[in-house]
Amino acid sequence: MSERIPCVREGCDHMILPATAAKTGGYCMPCKQEMEREAHQRYIEANRRDVDLYAGITDAVKILKIMHEPRTYDELIRYVPYKNSMEQVYLSLSAEQQQEIKQYAMELIRSDDEDTGKDILQYLVCYHDLPLTAEIPELLEREIVYPAVLFKSASVETRDHLLQQVNTDDENRNHILIMLAYIGDEVVVQQFWRWKQSPPEWANELYVTPERYTLQAGWELTEEGQPRELFITPSYSLYEVGERNVAGREMENLDGAPVSLLVPSSSLCPWCSSSLISLMNLQVKHPALQSVLWNSPQLDVQTCLVCSSYSVVYMEMDATGNPIWSRHNVKPDGFDGIDMEEMRVDVSGVSSSTLDVGSLAGEGERTEVAREQVQRRLFRIASEPRQPFHGSEWAMEPSISQVGGHPGWVQDADYPACPACSATMKAIGQLDGELIQENGEGVYYMFACEPCQMTAVSYQQS
Ligand SMILES: [Zn+2]
Ligand SMILES: [Zn+2]
Ligand SMILES: [Zn+2]
């Protein structure tokens, strides 16, 4: 056995065999590998070049084609991102350009890239409500059955075909039921109503009753068999002004009015003692709330950010129309075992801040400092409404935060029942977890029951 000798790298105390030292020049293997990595990194930094695939291109359709093209990874190339997000480029499309990129999507579907083709169609449907009536029969022929939102503009013939197919196609029944829910015309509503009264034979193969599928498309059947919309329209985007925008995007093209989001309240959560927070406080006379019957001049949706990530948190209005913690709230099982310190949510947006919502509960100076920091964040509501389904497909990474519009469910649709009257509560808006705090995840959903003047907040994450 030969005697081990120390690695020659300064600060390393590994002992190595003389044979290893002879091969490596005296270094231990971890040091040698580390030095090789560093050298490789220096090489990349010295030789990497920027490639701007968008240089000189102004046509939005061409830009989108490039954005959708798969990139081959090359460590010596750094692709310069386009100045606008994909969402913004889609929104800029003229009617002719929408047709042009739709044709391109169909070509992709006919060739070898079905997924990209479907993505493009989904953007067109969600951001522009572009009808795909002529394309839907071909999609079905190619056995494309999702995303279901693509099928909402199906013709009467296609609808009737799907109403037949759902009885026989065991494999795609789930998808067909959601497609039908999206189509949602009078005939479809009547069919769901008949299924509710007398469940079809195949109903016991489903996880939920057939009429529950309508929730995925944002409506339910009333006791009288009428459709009831479960989200309010129109939809307005909510966003932050300043450097910290959702997904780091510049949103300077949008010039909306100031809106009050994420303002801590003076009340404490009775479960975890965090400050309650006003997720959104909007004047009822704002056009976004034109369909909402609310008694107070403001619709103030308060919640506890910590507790609503575990369980639906309900608020009711006191005699003066101010939100108070609802007596209907039920603490979830096992809740007391959760480490609340771990769960604190920092909405101040000041990353260096050690203050959090919890510390706002304190008194005196600290509270004042924290309040100032919180209030430094400025939010806006878009000046123009957007399509009701704009924020509905979470996986497309649209700007999620909105008042009004179909919810962007991260998981299955989950509208809470009002604890006072047991009616399904209507979705009135949602905030992206990324908007709430840096590196935040998931989505907070806001609901209201107008007859009971109650609000609710729930949360989903992937
Ligand atoms: Zn070493
Ligand atoms: Zn709480
Ligand atoms: Zn109610």
### Odd one out for Leu254, checked against (1) at pLDDT below 95; (2) out of contact with any Phe, Trp or Tyr (no Cβ under 7 Å at 6 or more places or on another chain)
(2)
### Message
With the structure loaded, tell me whether Val403 is touching a strand residue (DSSP E or B) at 6+ places or on another chain (Cβ under 9 Å), free of Cβ contacts under 8 Å to residues at least 60 places away in the same chain, open to solvent by less than 20 Å² (accessible area, probe 1.4 Å) and away from ligand 1 (no atom under 16 Å from the Cβ) or whether it fails that test.
### Response
no
### Query
Which number in (1) open to solvent by less than 10 Å² (accessible area, probe 1.4 Å); (2) at pLDDT below 95; (3) within 16 Å of ligand 2 (Cβ to nearest atom) marks the one condition that Pro398 misses?
(3)
### Task
Output the residues belonging to the range 251-294 that are assigned to a loop (DSSP other than H, G, I, E, B) and either within 30 Å of Tyr82 (Cα to Cα) or within 16 Å of ligand 3 (Cβ to nearest atom) (or both).
Met251, Glu252, Asn253, Leu254, Asp255, Gly256, Val292, Leu293, Trp294
### Task
Could you check how many residues of the range 91-103 are open to solvent by less than 50 Å² (accessible area, probe 1.4 Å) and either more than 16 Å from Pro147 (Cβ to Cβ) or touching a residue at least 60 places away in the same chain (Cβ under 8 Å) (or both)?
5
### Task
Collect the residues in the range 288-332 that are open to solvent by 60 Å² or more (accessible area, probe 1.4 Å) and either touching a strand residue (DSSP E or B) at 6+ places or on another chain (Cβ under 8 Å) or within 16 Å of ligand 2 (Cβ to nearest atom) (or both), keeping them in residue-number order.
Asn295, Pro297, Gln298, Tyr310, Asn322, Ile324, Arg327, Val330, Lys331
### Criterion violated by Leu360 - all others in (1) farther than 26 Å from Gln453 by Cα; (2) modelled with pLDDT of 95 or more; (3) not basic (Lys, Arg) satisfied
(2)
### Summary
When every residue in the range 185-207 that is charged (D, E, K, R) and touching a residue at least 24 places away in the same chain (Cβ under 8 Å) is compared, the one most open to solvent (accessible area, probe 1.4 Å) is Glu205
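Each row is one residue, and each column tells you yes or no for (1) closer than 30 Å to Asp115 by Cβ; (2) surrounded by fewer than 16 Cβ atoms within 10 Å (Cβ to Cβ); (3) touching a residue at least 24 places away in the same chain (Cβ under 8 Å).
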residue: Ser2; (1), (2), (3): no, yes, no
residue: Tyr27; (1), (2), (3): no, no, no
residue: Glu45; (1), (2), (3): no, yes, no
residue: Thr58; (1), (2), (3): yes, yes, no
residue: Glu87; (1), (2), (3): yes, no, yes
### Query
Looking only at the range 406-439, which residues are at negative phi, free of Cβ contacts under 8 Å to residues at least 40 places away in the same chain, open to solvent by 10 Å² or more (accessible area, probe 1.4 Å) and part of a loop (DSSP other than H, G, I, E, B)?
Cys421, Ala423
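The values are calculated or read from the model by the stated rules, or taken from the named source; none is laboratory data. Since the model is a prediction, treat every value here as computed from it, not as a measurement. Cβ coordinates were reconstructed from backbone atoms using ideal geometry, including for glycine residues, and neighbour counts include every protein chain displayed. For the accessible areas, the whole protein counts, side chains as well, though only heavy atoms, and no ligand, DNA or RNA atoms are used. Shrake-Rupley method; radii C 1.70, N 1.55, O 1.52, S 1.80 Å.
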